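Peer 1: Sharing a structure with you now.
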Amino acid sequence: MIVWINGAFGAGKSSTARELVELIPNSTLYDPELTGGTLCRLLPRKRLDEVDDFQDLPMWRRMVVDTAAALLAEVGGVLVVPMTLTRQEYRDEIFGGLAARRIEVRHVLLAPDETILRTRIDSRAAFEEDKEGAERARQWCHDHVEPFRTALGWLSGDAYTVDNSTLSPVEAAAAVAEAVNAGLAAPCGIVQTPEPTGETLAAGVLLFDEEDRFLLVDPTYKPGWEFPGGVVEPGEPPARAGMREVAEEIGIELDAVPRLLLVDWERPQPPGYGGLRLLFDGGRLPAADADRLLLPGAELRGWRFVTEDEAAELLPPVRYRRLRWALRARERGTVLNLEAGVPVG
């Protein structure tokens, strides 16, 4: 199990985590800041200059999951992880990766009053010997208060909140331990999607509204938006798999088997194995059907009908290339064969 302590920079996560390992038997502290610091020494400066924060590095997010899983496999028990996460897609990617390894996460939010938070940031910097470094750290924390305030909309509904405005680290840790032991900080309900161990076959379905926009869904367990669909089970016809996934994901039963638009071979890119990706034309949804879309909260966060241009802002590049060719195939009434997003043959 992991107890993930979230909160703004300067909210007292690290000090609370250090006290918490004394209260939870057989617990170990893992600070992902250490992983970020290591990447800052390993990666070329050119790559680091491309991001504002090491959290923006996909490598960091993968390594956090891998390191946490390795630590738990080595020492067992409970892992206490103090780390700020304000971007919901990063939370979903990391927690989804942990869920895929069957690792339970209890998400706790330390939320002191903002005035107290800013006072703590200033007072902590005042006692640092490296005045220049302390000033940079102080300004960094202040600059990230606003993004954290913005993230409270989803954080407050996702995590168990502890107001530590007037609590010492020992008292805050006791409040967290009590919440975990009493089940108040419940396991996160994010979907558990087992990681593939080899190449996979996946079927996606394009569903259109009366304005010829198509449906995208926002999964909780991986970054970026996606088409309704999923992995084809052994022995399952791909088109039927797409129909099954549409019914499971959004509650819509398709009346007819969807028409194949394209087959795309996805190149293996570690840690992924690649495989075949199929896109089908599920036809037009009547307005009444679109109004009754249902989402499983643990698997999908949202849905929307979008245009091709709007999809460019939502889909990762590999999925967007696949979408563009699928729409061209639909216009021409043909089926396209792609290799890594490029038509062949």
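Peer 1: How large is the helix-only mean residue ellipticity at 222 nm for the chain, computed as the sum of -39500 (n - 2.57) over DSSP H runs with n ≥ 4, divided by its residue count, in deg cm²/dmol to the nearest 500?
Peer 2: Taking each H run of at least 4 residues, the total per residue is -13000 deg cm²/dmol.
Peer 1: Could you give the size of the charge dipole of the chain about its Cα centre, using +1 on the Cβ of each K and R and -1 on the Cβ of each D and E, expressed in debye and rounded to the nearest 20?
Peer 2: Rounded to the nearest 20 debye, it is 700 debye.
Peer 1: For the stretch 213-310, take N as its residue count and report Rg(C-alpha) divided by 2.2 N^0.38 Å.
Peer 2: So the Cα radius of gyration is 1.10 times the expected 2.2 N^0.38 Å.
Peer 1: From the phi angles alone, apply the Karplus equation (6.51, -1.76, 1.60; θ = phi - 60°) to the stretch 172-183 and give each ³J(HN,Hα) in whole Hz, x where the residue is Gly or Pro.
Peer 2: Running phi through 6.51 cos²θ - 1.76 cosθ + 1.60 with θ = phi - 60° gives 5, 4, 5, 5, 5, 4, 4, 5, 5, 5, 7, x Hz.
Peer 1: Which GluC sites (Glu not before Pro) in the stretch 267-345 pass both tests, a DSSP loop state and at most 13 other beta-carbon atoms within 10 Å?
Peer 2: Passing sites in the stretch 267-345 are GLU313.
Peer 1: Could you check the spin-label model distance between VAL318 and LEU294? Points 7 Å from the Cα along Cα→Cβ, value in nm.
Peer 2: 3.2 nm
Peer 1: Let me ask something additional. How high is the relative contact order of the stretch 1-143, in percent, counting Cα pairs under 8 Å that sit 6 or more residues apart?
Peer 2: Computed value for the stretch 1-143: 41 percent relative contact order.
Peer 1: Then there is this: For the residue pair LEU39 and SER15, what label-to-label distance in nm results when each label sits 7 Å from Cα along the Cα-to-beta-carbon direction?
Peer 2: 2.8 nm
Peer 1: Something else now. Which is the longest part of the chain that has none of the chymotrypsin sites (Phe, Trp or Tyr not before Pro) sitting in a DSSP loop with at most 16 other Cβ atoms within 10 Å?
Peer 2: Answer from the scan: 128-272.
Peer 1: Here is a further query. Of VAL80, GLY198, SER168, whose Cα points farthest to the positive end of the dipole of the chain (charges on the beta-carbon: +1 Lys, Arg; -1 Asp, Glu; origin at the Cα centre)?
Peer 2: Checking the options against the dipole of the chain, the answer is GLY198.
Peer 1: Ignoring ligands, DNA and RNA, what percent of the accessible area of the stretch 230-306 is carbon or sulfur (1.4 Å)?
Peer 2: The computed percentage sits at 56.
Peer 1: Could you run the Debye sum over the Cα atoms of the chain, one equal point scatterer each and no solvent, and tell me log10 of I(q)/I(0) at q = 0.12 Å⁻¹, two decimals?
Peer 2: -0.94
Peer 1: Using only protein heavy atoms and a 1.4 Å probe, report how much of THR67 is accessible, in Å² to the nearest 10.
Peer 2: For THR67, solvent-accessible area is about 40 Å².
Peer 1: Hey, with R₀ at 45 Å, roughly what FRET efficiency would GLU135 and GLU178 work out to, going by the Cβ-Cβ distance, to 0.05?
Peer 2: That gives a FRET efficiency of 0.75.
Peer 1: Roughly how many Å² of THR115 are accessible to a 1.4 Å probe, to the nearest 10?
Peer 2: Its accessible surface works out to 100 Å², give or take rounding.
Peer 1: Pop out the ³J(HN,Hα) list for the stretch 223-239 in order, Karplus 6.51 cos²θ - 1.76 cosθ + 1.60 with θ = phi - 60°, rounded to Hz; leave Gly and Pro as x.
Peer 2: Calculated HN-Hα couplings, in order: x, x, 7, 8, 7, x, x, x, 6, 7, 6, x, x, 9, x, x, 5 Hz.
Peer 1: Here's a follow-up. I'd like to know which of VAL51, ALA137, HIS107 lies farthest towards the positive end of the charge dipole of the chain, counting +1 on Cβ of Lys and Arg and -1 on Cβ of Asp and Glu.
Peer 2: The listed residue farthest towards the positive side: VAL51.
Peer 1: By how many degrees, between 0 and 90 and to the nearest 10, does the Cα long axis of helix 114-126 differ from the longest principal axis of the chain?
Peer 2: 60 degrees
Peer 1: Now a separate question. Specify the residue with the greatest mean-square fluctuation among THR220, THR84, THR334, computed from a Gaussian network of the chain linking alpha-carbon atoms under 10 Å apart.
Peer 2: Among THR220, THR84, THR334, the largest mean-square fluctuation in the Gaussian network model of the chain belongs to THR334.
Peer 1: With θ taken as phi - 60° and the coefficients 6.51, -1.76 and 1.60, list the Karplus ³J(HN,Hα) couplings across the stretch 27-44 in order, rounded to whole Hz; mark glycine and proline as x.
Peer 2: 10, 10, 8, 10, 9, x, 4, 5, 5, x, x, 5, 5, 5, 8, 8, 7, x
Peer 1: Let me ask another. Where does helix 88-100 land angle-wise versus the long Cα axis of the chain, in degrees 0 to 90, nearest 10?
Peer 2: 80 degrees
Peer 1: Still on this structure: To the nearest 10 degrees, how steep is helix 145-158 against the longest Cα principal axis of the chain, on a 0 to 90 scale?
Peer 2: 70 degrees
The values are calculated or read from the model by the stated rules, or taken from the named source; none is laboratory data. As the structure is a prediction and not an experimental result, all values here were calculated from the model. Positions of Cβ are generated from backbone atoms using ideal geometry, with glycine treated the same way; all protein chains shown enter the neighbour counts. Heavy atoms of the whole protein, side chains included, go into the accessibility calculation; ligands, DNA and RNA do not. Shrake-Rupley method; radii C 1.70, N 1.55, O 1.52, S 1.80 Å.
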